[in-house]
1. With a 10 Å Cβ neighbour count serving as the proxy for reagent exposure, in which order, fewest first, do Met132, Met3 appear?
2. Tally Lys and Arg at +1 and Asp and Glu at -1 over the other residues with C-beta under 12 Å from the C-beta of Thr39: what net charge comes out?
3. For the pair Gln1 and Asp56, what calculated FRET efficiency results from E = 1/(1 + (r/R0)^6), where r is the Cβ-Cβ distance and R0 = 22 Å, to the nearest 0.05?
4. Could you name the lysines in cross-link range of Lys31, using Cα to Cα under 24 Å and dropping any fewer than eight places away on the same chain?
5. Find the relative contact order for the chain and round it to a whole percent, using C-alpha pairs within less than 8 Å whose residues are 6+ positions apart.
6. So what's the back-of-envelope 222 nm ellipticity for the chain, counting only DSSP H runs of four-plus at -39500 (n - 2.57) apiece and dividing by all residues, rounded to 500?
7. Using packing as a proxy for protection, rank 258-264, 157-163 so that the peptide with the highest average count of other Cβ atoms within 10 Å comes first.
8. In terms of Cα to Cα distance under 17 Å, which lysines are near enough to Lys4, apart from those fewer than 8 places away along the same chain?
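Computed from the coordinates by the stated procedures, all read-outs in this text should not be read as laboratory data. All values derive from a computational prediction rather than experimental measurement. Neighbour counts run over all protein chains shown; Cβ positions are idealised from the backbone, glycine included.
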Amino acid sequence: QLMKVYENAFDFYGIKIAQILLTRDTFSNRKRYLNLRNTLIGLSEFDVVPIVNENDTVATEEITLGDNDTLAAMFSIAWDADFLVLFTTVDGVIDENGKLVERFDESVKLKDMGKSSWGTGGIRSKIESALMASRCGVKATICSGNDVSNLTRFVKGEPVGTVFEPQGRLKAKKAWIAFLSEPAGKIYVNKGAEEALKSGNSLLPVGVTGVEGTFDVGDVVEIVNEEGELVGRGIVNYSSSDLEKIAGHKSSDLRKILGYEGNKVVVHIDNMWVA
């Protein structure tokens, strides 16, 4: 019934629409994610507007997205969108003094709006979703849906609601690694490796101090420092079992340890997002 309403509304302007039902796995599974991007490219070529929703009929606890804010942010990243608009019943994010936060800053102290507003679909969900999108180069806003002009005003560059300025466009692959993939485990690194990664270098075996979880070659893993703080994420070139064997060793020792000529790099900088 709802799709029929959308269809009639868009048809008035001569615009075709297509319904797309997604789950968390559509984004976290690399192959399905690329299929989604190819589908979106095809729809764009035919000037078809996608109407997106979570596929509740197949979504289990493991693959559910949780709320439409998360879905919207992930979709905006997958589509390389210019804008993300998250509508709510208030004017935007409110600070502790009751004033509207026009430009979001993570240092701003926010008003306590009650537990319900911080739960699924609440203001915290909207803030986290807007931040995710903005970190991938999508300009986002949290604003009132009661004023129908807010959408066009925001796209025109007018100040609407609470704006999250884009922080530089991530390449599609790194955006997927950073925010859409599902890490299969963790790699712990020493201080020297942490500094090397932040300077734009690849992760070598000698910098690895530990492994957590079970993963295979090609999986996405979190890279954390000795304090357990996130350093980045990347596509790993070793299984967890082999990486445990070579952790802390020089690349020249790999053949002797593994019995074969292993990759000198654990995670290549081209397959890595650094936090």
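1. Met3, Met132
2. Neighbourhood net charge equals +1.
3. Calculated value: 0.90.
4. Filter leaves Lys171, Lys173, Lys174, Lys186.
5. 14
6. Roughly -8500 deg cm²/dmol at 222 nm, from the helical runs in the chain.
7. Averaged packing, sorted descending, gives the order 157-163, 258-264.
8. Counting by Cα, and skipping residues close in sequence, Lys4 has these lysines nearby: Lys16.
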